[in-house]
Amino acid sequence: MNIEGLIGDLALILVLGAISTIVFRKLKQPIVLGYIVAGFLVGPHFGYFPTIHNEENIEFWAQIGIIVLLFSLGLEFSFKKLMNVGGSAIVTALIIVSGMMGLGVVVGHVLGLSNINCLFLGGMLSMSSTTIIIKAFNDLGLNHRRFVPHVLAVLICEDLFAVVMMVLLSSIALNNSVEGSELLMSIAKLVFFLVIWFTVGVYVIPSFFKRSRKLINDEILLVVAMGMCFFMAVFSAYSGFSMALGSFVMGSILAGTCEAEHIEQLVKPVKDLFGAVFFISVGMMVDTGVIAQYAGTIAMLSVVVIVGMIVLGTFGMLATGQSLKIAIESGFSLTQIGEFAFIIASLGLSLNVLEPSLYPIVVAVSVITTFFTPYFIKLAVPTYEWLTPRLPQRLKLMLDRYTKQESAAVSVEKKIWKAVLGRYAWRILLYSTLLIATIIVSDNYLLPFMDRAIGEAWGDVVASGITLTVMAPFLLALSMPSTKRSEWEMLEAKSGSRSTMPLVALSIIRLMLAFGLVSWYLSQVFTFTAGVTIGFVLVFLIVVFLSSKVRRRMHGMEKRFLSNLNERELRRSGRGNDAALVSDLHVAYIKVGYSCPFVGERLRDSNLRKRYGVNVVNIQRGAATFPIPNGDMRLFPGDLLGIVGTDEQIQRLLPIVEDAPGSNLSGDDIEMKLMPIEVKESSVLVGQTAASVRLRDDYQALLVAIQRGDDGYIKPNGTEIFEPHDTLWVVGNEAKLAALCK
């Protein structure tokens, strides 16, 4: 490797990229366009500028750019957000992606492309650019408009579909076929590995961060995050998938942890650097000769993208119950293709299945559609105002009736069924996947090892025993009912015993599935008859006789998994801090935004306790933490407030203090807990008050409430004398308060 040439190439593209982006920033155009122009200027198809020495070096850095870009997209992906938007965003994204995919295939056949090129073209045309749309919303000041959350939810779903599409396109390209069975196998394999990766990752990684937070600073956290990213990318490639998929998966796993925003900030410079190299490498592919030759094709594809996205995006929003105005504003916001089009094109070229001329064509289409994106967003409202009076009256009445029906509150019975069916679905998917993974590991590794070690006859028996022992807790979890007693009683009260028949059927299906998996495994090791017989007996014994202790353990594991999955949101709202609840009080962490009305004020002047009922128990400012701050401390943007209050109080305060929902940072470990201290007869606290004990000054703690016998909770004012058998509810550092617990 020519080190001087590599450094020289990097210097050339980054300096020119910096100049181009400054120019485009001045022109108020997306920075991505500046990178593409810079790449064109240093590329081999433009002879009036110094060109790079070795394109392979730049391609290497560009591949790293793809991995880091998808890792960053994964960090922005949130299962919590996806569940909150429900099926609306998923259905809209599915309509857009499938519709644009179909249009791309049709246009590809019109252009005389092969089947595989048509599929890749459809994939490239089906994904709007998350980066460009968010940048346009920021530039136009539209972030608080009603349609924006709907668009962002659709973009999240599109990102997920894009990752799945890359896997499917890779499989089709390698097998050189589009058979239905191949597609189903590819999807099944993808789902299997995703469930395993997410289960292990969500169960292990947040726990790792909790236990090692004291030891991790910014430098270590960046190294750990990037190490996890590249490890999962390599492991994904080893498993037969793309490295881009692995990096996206790791990013989405980390997105649920309390360190997500911190990692995002640390990774952002890395993403910006390698992302710039990637987009510059895209610009290097632009060939003016090809563009001139295929000008008609570029114009046609640009029209297809703009018109198709507007029509499909608007229709998708209307189909999910949004108003006509929101639907049109959303559709007009999605009129471009961006980073995923380049990534899919790069994938096709790396697999040697994509027509080389398609790359510069798609780049040109992206440049054109990106350039016009802000103008189409501005055009949405005038289009709605022009269209509304011209719509047939019957159509307007039908749309109004449909959107009102969709937005109406669903019945209690429907809510119960939605919760129950969701619980059944994720448990069946999760535990079935874990059981299949156990069987695969046993067949491929444990069984051959035991056969070699102790002989085939006894080896099969021992391996089967070990495997069934490992499978037993998962079989129990798969067989356990997913319906709460209260839900069962409410369904019976609403519709009688008939309404519970589907629940019985679902329970039978789960038992049959557990029986089928055990019988399948044992039939592979022994005979079919032995497998079915032993499987029936084993499932019966597990369901009937397995101890309640194991059941509680499985419930605990499920609770921990869901807590880890939603840790970021739980930490923000404080809902997960229920270890020491008193009068529904818990600790939450809120970042002070720039638009917070209390910025610059002293704590005593902000009057948070009187106005909102909450107490500020600590302030984190950069690397410094101020436990139990006094009233003279001022609030500044970026401060992380630890507050204690009820769920309603915290939820009321969140949108006021924060810049935007979900924008809080969780920094280093803040060891502030809401904990009870029992005042024993021999305690030093007897006869003392909060002031005389100097809780604030000596222990950096705050007294929240006093629990005294049947009197309930006493709100402290600093003069209450502590009596034996009182329970003091205090927020502070557990280690510092240990002396008072004696």
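By definition, a body whose alpha carbon gyration tensor gives a ≥ b ≥ c is rounded when a/c is under 1.5, and the range 673-741 falls into this rounded group.
At a 10 Å Cβ-Cβ cut-off, how would you order V365, V286, V164, fewest neighbours first? Provide the component values of the computation, followed by the final result.
Details: V365 25, V286 22, V164 16.
Ordered from fewest to most neighbouring Cβ atoms within 10 Å, V365, V286, V164 come out as V164, V286, V365.
Within the set K715/K736; K325/K378; K610/K715; K28/K325, which residue pairs have Cα atoms separated by over 19 Å? The pairs that break the limit, which is 19 Å between Cα atoms, are K715/K736; K28/K325.
Under 5 Å from the amide H of F626 lie the amide H atoms of I619, Q620, R621, each residue being 5 or more positions distant or on a separate chain, with H modelled from the backbone and absent for Pro and chain starts. At an R0 of 45 angstrom, the distance between the Cβ atoms of K28 and V234 translates into a FRET efficiency of 0.65.
Taken along the Cα-to-beta-carbon direction at a fixed 7 Å, the label points for S98 and V461 span 5.4 nm.
Applied to the range 147-158, the Karplus parametrisation 6.51 cos²θ - 1.76 cosθ + 1.60 on θ = phi - 60° returns per-residue 3J(HN,Hα) values of 7, 4, x, 5, 5, 5, 5, 5, 5, 4, 5, 4 Hz, with x for Gly and Pro.
Once backbone amide H atoms are built at 1.01 Å from N, E658 has G593 as its partners under 5 Å, excluding neighbours fewer than 5 places away on the same chain.
Backbone amide hydrogens, once placed in the peptide plane, bring V704 within less than 5 Å of W729, V730, V731, excluding anything fewer than 5 places away on its chain. Between the residues P724, Q700, A738, the greatest Cα displacement towards the positive end of the dipole of the range 673-741, with unit charges on the Cβ of Lys, Arg, Asp and Glu, is found for Q700. Per-residue Cβ neighbour counts within 10 Å put Y35, Y359 in the sequence Y359, Y35, beginning with the fewest.
Read-outs: derived from the displayed coordinates by stated rules, not from any lab. For clarity, every value in this text was computed on a predicted model and none was experimentally measured. Note: ideal-geometry Cβ built from the backbone for every residue, glycine included; neighbour counts use all protein chains shown.
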